[in-house]
Amino acid sequence: KRTVLEVMRQPLEERKVTISRAKVSVDYPSNFMLIASMNPCPCGYLGAVIGSTPRSCRCSPDQVSRYQGKLSGPLLDRIDLHIEVPSLPATDLLNSSPGENTEAIAARSLAARERALARQGCANADLQGQAIDTQARMSDSASALLQKAAAKLGWSGRSTHRTLKVARTIADLAGSASTQTAHVAEAVQYRRALQAT
């Protein structure tokens, strides 16, 4: 239910859960990584293509709108990465080449995290306020691209700062001292808004 999902906003933003009963209020630490998924519509076939054949969605535009409306803008603002995963034909799934191994990905991620810790004393996700802009070390062209994307896509300040943190992380993964246009462009691609098609 939407009301249950909305309760996630406080722990995602403040990394604590506040329980209030009668005259007592208690805060509990709640630092976690949220990974969630949802279908594009109630039947799951909106925009789906199996092989080269489009799959028919049985949902009305109103049903799709209500379904996607369960995730409010303020909740989506607090989720860093929004990735659309299209359906794949069985041949692509069965004949795909093996991906990069977990150990290599873990080593690269650890090196990026260590770069952030050495630079600013905390992970990029923990940056707040002015520190986000200071530590991003954006090139002029990267800053212009982020401003243009935020204006065109109607992002809130929170969405823009979250995208900037992701771009800084991508720069750290690339071993770059500054956040360049390519890093911002990739981060923007990871923040696709849900929309009925």
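So the values come out like this:
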item: Among (1) modelled with pLDDT of 90 or more; (2) open to solvent by 100 Å² or more (accessible area, probe 1.4 Å); (3) β-branched (Val, Ile, Thr) - the single one residue 24 does not satisfy; result: (2)
item: Unmet requirement for residue 92, which otherwise passes all of (1) surrounded by 10 or more Cβ atoms within 10 Å (Cβ to Cβ); (2) assigned to a loop (DSSP other than H, G, I, E, B); (3) without any contact (Cβ under 8 Å) to a residue 40 or more places away in the chain; (4) out of contact with any Leu (no Cβ under 7 Å at 6 or more places or on another chain); result: (2)
item: Which listed residue, of 14, 103, is open to solvent by 90 Å² or more (accessible area, probe 1.4 Å) and under 22 Å from the mean Cα position of the chain (by Cα); result: 14
item: Residue among 34, 46 that alone is part of a loop (DSSP other than H, G, I, E, B), touching a helix residue (DSSP H, G or I) at 6+ places or on another chain (Cβ under 8 Å) and surrounded by 14 or more Cβ atoms within 10 Å (Cβ to Cβ); result: 46
item: Residue within segment 67-78 that is exposed (fewer than 10 other Cβ atoms within 10 Å of the Cβ), out of contact with any Cys (no Cβ under 9 Å at 6 or more places or on another chain) and not aliphatic (A, V, I, L, M) present; result: no
item: The listed residue being of a type outside the set (Asp, Glu), within 20 Å of the chain's Cα centre (by Cα) and outside any loop (DSSP other than H, G, I, E, B), out of 74, 86; result: 74
item: Odd one out for residue 184, checked against (1) under 25 Å from residue 38 (Cα atoms); (2) within 14 Å of the chain's Cα centre (by Cα); result: (1)
item: Only listed residue being open to solvent by less than 60 Å² (accessible area, probe 1.4 Å) and more than 30 Å from residue 62 (Cβ to Cβ), chosen from 131, 177; result: 131
item: Filtered residues of segment 115-131 (kept if over 23 Å from residue 35 (Cα atoms) and without any contact (Cβ under 8 Å) to a residue 60 or more places away in the chain); result: 117, 118, 119, 120, 121, 129, 130, 131
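Quick grid of which residues meet (1) open to solvent by less than 70 Å² (accessible area, probe 1.4 Å); (2) in contact with a strand residue (DSSP E or B) (Cβ under 8 Å, 6 or more places away or on another chain); (3) in contact (Cβ under 8 Å) with a residue 24 or more places away in the chain; (4) part of a loop (DSSP other than H, G, I, E, B):
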| position | (1), (2), (3), (4) |
| --- | --- |
| 97 | no, no, no, yes |
| 147 | no, no, no, no |
| 150 | yes, no, no, no |
| 160 | yes, no, no, no |
| 168 | yes, yes, yes, no |
| 172 | yes, no, yes, no |
| 187 | yes, no, yes, no |
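The values are calculated or read from the model by the stated rules, or taken from the named source; none is laboratory data. Here the structure is a predicted model, which is why all the values come from computation and not from measurement. A quick note on method: Cβ atoms are made from the backbone with ideal geometry, for glycine too, and the neighbour counts reach across all protein chains shown. Protein only, heavy atoms only, side chains kept; ligands, DNA and RNA dropped before computing areas. Shrake-Rupley method; radii C 1.70, N 1.55, O 1.52, S 1.80 Å.
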